[in-house]
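Colleague: I have a structure here, written as structure tokens, and I will follow up with some questions on it.
The values are calculated or read from the model by the stated rules, or taken from the named source; none is laboratory data. Note that the structure is predicted; figures quoted are calculated from it, not measured. With ideal geometry, Cβ positions are generated from the backbone for all residues, glycine too; neighbour counts draw on all protein chains shown. Ligands, DNA and RNA are excluded from the accessible area calculation, which covers all protein heavy atoms including side chains. Shrake-Rupley method; radii C 1.70, N 1.55, O 1.52, S 1.80 Å.
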Amino acid sequence: MPSLKQTEQTRSWSQWKKNGEHWVWVNASAVAICLIMVIGLIGLIVVRGLGHFWVNDVQQIQLQNGTLWLGEQIDTEKSITNDAKQKSKTQILYKVGNREEYSLDFKWFDGEQIKNTTKPEWVAVIERYEWGNAYGKITNLHWQGKTYGINEPQALDNALQAVQNIREKIHTIEKNDIGRTNYQLNEIRLERKKIKADNSLNEIQKNKFYAQLYHKEKKISAHYQEIKKELDKHHKKLEEQGYVTFVLSDNKSKQINLGHIVRVYFPNQMDVVDRTLFYFEKLWEFIIEDPREANTEGGIFPAIFGTVALVMLMTLFVTPLGIITAIYLREYTRQGLIVRIIRISVNNLAGVPSIVYGVFGLGFFVYFMGGSIDELFYSFNLPSPTFGSPNMLWASLTLTLLTLPVVIVSTEEGLNRIPRAIREGSLALGSTKFEVLWRIIIPMISPSIMTGIILAIARAAGEVAPLMLVGVVKLAPDLVIDGNAPFIHLDRQFMHLGFHIFDVGFQSPNIEAAQPLVYATAALLIFIILLLNITTIIIRNNLREKYKALE
Amino acid sequence: MAAPIALTTKNWCLKYGKTEALKNLNIEIPEKKVTAFIGPSGCGKSTFLRCFNRMNDLIDNVSVEGKIMLYDEDIYDPRVDISILRQSVGLVFQKPNPFPKSIFENVAYGLRIQGKKNKTELQDTVEWALKNANLWNEVHNRLNDNSLSLSGGQQQRLVIARAIAVKPQVMLLDEPTSALDPLSTLKIEELILQLKQDYTVVIVTHNMQQAARVSDYTAFLYLGELIEFNETTKIFSTPKEKQTEDYITGRFG
């Protein structure tokens, strides 16, 4: 009897091949490559993006010629020279701030020029609402008529807190009261146009309405003037708070108005705990604030809000439409050539480049549908469009069209998987076809529907190209949902994280400042898509548990 | 046959496209008795059974001829409401097919379809149906559990409970035990014997012993034809036809 043990021969290459081990290795490497790519991508974005908010030391750079600079080291590069004999030079990028003095925030220094660098404790960074950061030395503070020296840091904190309070008041007034009155005045303007265009009214009636509107407008205007006065008072107060005397690296002295300061910090004095706290403060600001300075400073809240609102609205449209279509295709039509053609067309729609949907959305939704709505209901406001311009509604409908195939296909697959026995069991109890669908089948396919929605969200949240045609803009501080009745304004344009990446990355005048924001915004976009997906996946898994199909 | 007749077929024929599946069947199924259909695979007994609550309507290319009477009503009359028919003629399938809902909701399903919403009425009926299906003792403390957590035999009794909850006149059982283990089979058989006190039961079975054990009448079908129909004792002891004798003694089939 031959031995069952492996011999030298059977352990050979051919045996290895026979067992298919080489294929196992190929597969494993393919998986490994995918993993490395995904981890690399997310790692790069997260490190570059979220690293942006970390406080770096500010260095004092002394050049060979004696001049002094202050700045944060951002990047080092070896420049390639044409001359082979000359050794390659190192160039170092510093963020030197003080844009109003040096015209650029960033400056390249030749490695050879730098004599030495130090990290003096006295360096202060002043974040301003305009002109970016200022780096330098605070010599003294003038606040409400008194002068404080640098040995009284508490005074600076108090002053900044007071400024902050005034600023918050201004912000509340601007955002709520001014916003509301502007909205109301605009409504009156539209109302007046409407009356003017209404042919069923005679002159006397019109004049009566005009008088009413005039009265109303007067009241609101008076209110507006009051608010404006109040606002001006606060602004004046803000300006009069005082100033910080500040010495730049080249010994030039400046005064910075307290009202223009976001915050002041001393990076070289901060320890790890301070820096961590500061990091989260900056990150939080990035998430909840409106953008400043051509989107290169401040936060991106409107973009986050726009993205989430767009995706939610799209889900709201695409889910019922997809389910109804799939049910009709699968359950009610006779399966024949036409249905097969429809099904193939639907599947192929999923492969159409998204910009094509954008073009379609612009032509059909914006110009045709929006234009028709304007003509029918808002003709008094023409030639300025109401729904006939790119906005949230048309953008979400365009995305609905884009993601519809995914929902239809996965719903149909769910319908295919329902065992015949379940349908017959329900019919045998005397239910009609509709009752079977409504009470048994739709609950049972709900996990498949959710799978479709997950895929739809993943696709829609990342789309930028079609949105540029149908509603996204660079800056839209008015959110789609706000406190003015009717609260939801789908006729507004909106900001979007995907477009924000494009805008900050490619349209920004300040490239070096924008670059980390591109990564940070990308990281946030990934995070939000992840969050949306995880939510739907949890819902799906619950449904799956509940409606386990018969095995 | 002293008992009144529940179901009657007259010259019943059924075609799938052009293939004749059932040929000229005439049978009178007595009330509150168990009638078994036996015959080799493909002889049309399941198809025949499904004619009694018009489940064959679901298949596209089926055409039928003849008459089926439930008491004195022609069930293929175009004026018949299929929902009402199916509520009076219940069907239990070969494989248990509970809905992915709770035990309670499964049994209450037929009642909800009828539009009944009264909670106490639903509860009472569910309890009554589960008791009649000999399942109450096993599930009464977990009525809200998913029905798919039950064993196969329990699921089949649940499906029977679901069918009797709508209080039908006739119960059709299509090989109700072929997917079950012997012990569960025994329980279902006991249940069938109990059911015949209130319902007319028609059962399709492959299992000769089962037919002998539970049925009062037996019909032997072969290639879409009714070969013999008689009291079970007579069929099994003194079959008139040679084919019947061959089949029940296991010479073919």
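Colleague: By the gyration tensor of its Cα atoms, with a ≥ b ≥ c the square roots of the eigenvalues, what is the shape of region A:96-179: rounded for a/c under 1.5, prolate for a/b over b/c, or oblate?
Modeller: It is oblate, given that a/c is not under 1.5 and a/b is not larger than b/c.
Colleague: Using Cα-Cα distances under 8 Å and only pairs 6 or more residues apart, what relative contact order does region A:443-522 have, in percent?
Modeller: It rounds to 23 percent for region A:443-522.
Colleague: Right, next: Ignoring everything but the protein chains, give the 1.4 Å probe accessible area of A:SER249 in square angstrom, nearest 10.
Modeller: 20 Å²
Colleague: Separate question: What is the count of Lys pairs in region A:59-144 whose alpha carbons sit under 17 Å apart, if the two are 8 or more places apart or on different chains?
Modeller: 10
Colleague: Let me know the longest stretch in chain B that avoids all GluC sites (Glu not before Pro) found in a DSSP loop with at most 15 other C-beta atoms within 10 Å.
Modeller: B:32-240
Colleague: Another one. Explain nothing, just the number: relative contact order of chain A, from Cα pairs under 8 Å at least 6 residues apart, as a whole percent.
Modeller: 15 percent
Colleague: Counting each DSSP H run of 4 or more residues in the protein assembly as shown as -39500 (n - 2.57), what helix-only mean residue ellipticity at 222 nm follows after dividing by all residues, to the nearest 500 deg cm²/dmol?
Modeller: -15500 deg cm²/dmol
Colleague: Helix by helix through chain A, keep the DSSP H runs that span 20 Å or more along the axis on Cα and average at least 0.5 on Kyte-Doolittle, and give those back in order.
Modeller: Those that pass (Cα extent of 20 Å or more, hydropathy at least 0.5) are A:21-51, A:272-288, A:301-327, A:392-417, A:442-461, A:511-546.
Colleague: Now a separate question. Which value, in Å² and to the nearest 10, is the accessible area of B:ASP246 when all protein chains are kept and the probe is 1.4 Å?
Modeller: Approximately 20 Å² for this residue.
Colleague: Next up: What percent does the relative contact order of chain B come to when contacts are Cα pairs within less than 8 Å and at least six residues apart?
Modeller: 27 percent
Colleague: Dipole size in debye (nearest 20) for chain B around its Cα centre, Lys and Arg Cβ +1, Asp and Glu Cβ -1?
Modeller: Around 360 debye, computed over chain B.
Colleague: Nearest-5 percent of antiparallel DSSP beta bridges in the protein assembly as shown?
Modeller: Roughly 80 percent of the DSSP beta bridges within the protein assembly as shown come out antiparallel.
Colleague: Which helices, counted as full DSSP H runs in chain B, have an axial Cα extent of no less than 18 Å and a Kyte-Doolittle average of -0.5 or above?
Modeller: Going by DSSP H runs, the hits are B:152-165, B:182-195.
Colleague: Right, something else. For A:MET495, A:MET37, B:MET208, A:MET369, write out the residues from largest to smallest accessible area, computed with a 1.4 angstrom probe and no ligands counted.
Modeller: Result of the area sort, largest leading: A:MET37, A:MET369, B:MET208, A:MET495.
Colleague: Please identify which residues in region A:152-183 have an amide N closer than 12 Å to a label point set 7 Å out from the Cα of A:ARG189, following the Cα→Cβ vector.
Modeller: What the label zone holds, given the 12 Å backbone N cut-off, is A:182-183.
Colleague: Averaged over all directions, how much area does the convex hull of the C-alpha atoms of region A:59-144 cover when projected, in nm²?
Modeller: Answer in nm², one decimal: 7.4.
Colleague: Give the accessible area for B:ARG213 in Å² (nearest 10); use a 1.4 Å probe, count only protein heavy atoms, and leave out ligands, DNA and RNA.
Modeller: Looks like 130 Å² after rounding.
Colleague: Same structure again: Toward the positive end of the charge dipole of chain A, about the Cα centre and with charges on Cβ (Lys, Arg +1; Asp, Glu -1), which of A:VAL24, A:TRP394, A:PRO443 goes farthest?
Modeller: Value: A:PRO443.
Colleague: Further question: From largest accessible area down, sort B:TRP136, A:TRP438; use a 1.4 Å probe on the protein chains.
Modeller: So the residues, ranked largest to smallest area, are A:TRP438, B:TRP136.
Colleague: What is the antiparallel percent of DSSP beta bridges lying wholly in chain B, to the nearest 5?
Modeller: So the antiparallel bridges amount to about 60 percent of the total.
Colleague: If you don't mind, there's one more thing I want to ask. Let me spell out the model: positive unit charges on the Cβ of Lys and Arg, negative unit charges on the Cβ of Asp and Glu, origin at the Cα centre of chain A. What dipole size does that give, in debye rounded to 20?
Modeller: Value, rounded to 20: 1500 debye.
Colleague: On full extension of the chain, what length is gained from A:HIS223 through A:MET270, given 0.36 nm per residue of separation minus the C-alpha to C-alpha distance?
Modeller: 12.2 nm
Colleague: So which of B:LYS23/B:LYS45; A:LYS433/B:LYS117; A:LYS169/A:LYS237; B:LYS131/B:LYS187; A:LYS236/A:LYS282; B:LYS32/B:LYS167 end up more than 18 Å apart, counting from Cα to Cα?
Modeller: Over 18 Å apart, Cα to Cα: A:LYS433/B:LYS117; A:LYS236/A:LYS282.
Colleague: Between A:TRP284 and A:TRP438, what is the label-to-label distance in nm when each label sits 7 Å out along the Cα-to-Cβ direction?
Modeller: 5.0 nm
Colleague: Does chain A come out rounded, prolate or oblate by the C-alpha gyration tensor, with a ≥ b ≥ c the root eigenvalues, rounded set by a/c under 1.5 and, if not, prolate when a/b is larger than b/c and oblate if not?
Modeller: Verdict is oblate for chain A.
Colleague: Using 0.36 nm per residue, how much length does the chain from A:ALA211 to A:LYS115 gain when fully extended, once their Cα-Cα distance is taken away?
Modeller: 26.9 nm is the gain from fully extending A:ALA211 to A:LYS115.
Colleague: Provide B:TRP12, B:TRP128 ordered by accessible surface of protein heavy atoms (probe 1.4 Å), highest first.
Modeller: B:TRP128, B:TRP12
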